[in-house]
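Undergrad: One structure is given below, represented as structure tokens, and several questions about it will come after.
The numbers here are math on the coordinates, done by the rules we state, and not lab data. Small disclaimer: the values here were computed from a predicted structure and weren't measured. Virtual Cβ from ideal backbone geometry, glycine too; neighbours counted across all protein chains shown.
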Amino acid sequence: MELEVYWTRFAEGKLDDIYNYYELKASAKIARGMIIGIIDKTILLEKSPFVGQKEELLSDRPQNFRYLVFKNYKIIYWINQNKKRIDVVNVFNTRQNPSKMKSFPTETYK
């Protein structure tokens, strides 16, 4: 069963933040490479949506959040059966306090 990967506005905003950070601290080329790497990592979800590990820090939510890792980022997603797609809801920098992972808005996964 193939599912489409859908990026929420919140997750897209995180990609923008990551791009801006690396563009400022390194270069536009490095920033583009980071974003391409993160997006490319999610392509395998279309055919293998359960490949990511369960995100235990979000286990209190009704969705079964999972994650993939690219460098020092967790790509948080869940399988949205109602809409027949995979919703990427956050791209979390693992160098931050893990409690910040819970801060994405609930409307990103309704």
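Undergrad: Could you check the spin-label model distance between Thr94 and Ser27? Points 7 Å from the Cα along Cα→Cβ, value in nm.
TA: 2.7 nm
Undergrad: Ok, one more. Expressed as cubic angstrom per residue, what is the convex hull volume of the alpha carbon set of the chain?
TA: Looking at the chain, the number lands at 95 Å³ per residue.
Undergrad: Take the residue pairs Lys29/Lys83; Lys47/Lys74; Lys71/Lys100 and return only those whose Cα atoms are more than 25 Å apart.
TA: Long pairs (Cα-Cα over 25 Å): Lys29/Lys83.
Undergrad: With charges only on Cβ, +1 for K and R and -1 for D and E, what is the dipole size of the chain about its Cα centre, in debye, rounded to 20?
TA: For this selection, approximately 160 debye.
Undergrad: Nearest 10 degrees is fine. How inclined is helix 9-25 to the longest principal axis of the chain, computing both from alpha carbons?
TA: 20 degrees
Undergrad: Suppose only helical runs count, i.e. DSSP H with n ≥ 4. What mean residue ellipticity at 222 nm does that imply for the chain under -39500 (n - 2.57) per run, divided by all residues and rounded to the nearest 500 deg cm²/dmol?
TA: Estimated from H runs of four or more residues: -10000 deg cm²/dmol.
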